[in-house]
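*Asks:* Attaching a single structure in structure tokens format; questions to follow.
Laboratory data are not the source of any read-out in this text; all were calculated from the coordinates shown. All values reported here derive from a predicted model rather than from experimental measurement. Note that we place each Cβ from the backbone using ideal geometry, even for glycine, and neighbour counts take in every protein chain shown.
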Amino acid sequence: MLASQSLRRKLQRFRETAILEGTTAYPLNGLTRPLLTKDGRGVLELLARSAEGCTEVLLLAQGFSVELLCDLVCDGLASAHAERMVAGSKVIEVARMRITEAGRQALTGRGTQ
């Protein structure tokens, strides 16, 4: 799936940047806590309602951007894991996102600026 490939490439670039700069959360912006936008809050609320999380395809269909999803993962508010699913007779790889504890705290206002 094109969207999951794009998400994986962006996450890989983040990891490489974080390793090179010796940090794990905010390699480019120097923030001490992530800022939560209206769309970011929407994604986290959707993830919080789903025990199994959501695939990136579902989130993209809701109108959220790949960049936003990557930002939430990079900020530690959500996690993304590749998994394989059967679609018809084909096995496809998708990214499944779940909210983290930091994301839950951000929704309650304890983790945002």
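*Asks:* Can you sort LEU60, LEU72, LEU47 by how many other beta carbons sit within 10 Å, fewest first?
*Replies:* Lowest count first: LEU60, LEU47, LEU72.
*Asks:* Between ARG49 and SER79, what is 0.36 nm times their sequence separation minus the Cα-Cα distance? Round to one decimal in nm. Spell out each step's value before the answer.
*Replies:* On the way: separation 30, 0.36 × 30 = 10.80 nm, distance 1.50 nm.
Contour length minus the Cα-Cα distance gives 9.3 nm.
*Asks:* For every other residue with a beta carbon closer than 13 angstrom to the beta carbon of THR55, add +1 if it is Lys or Arg and -1 if Asp or Glu, then tell me the sum.
*Replies:* Working: positive: ARG84, ARG96, ARG98; negative: GLU52, GLU56, GLU83, GLU93.
It works out to a net charge of -1.
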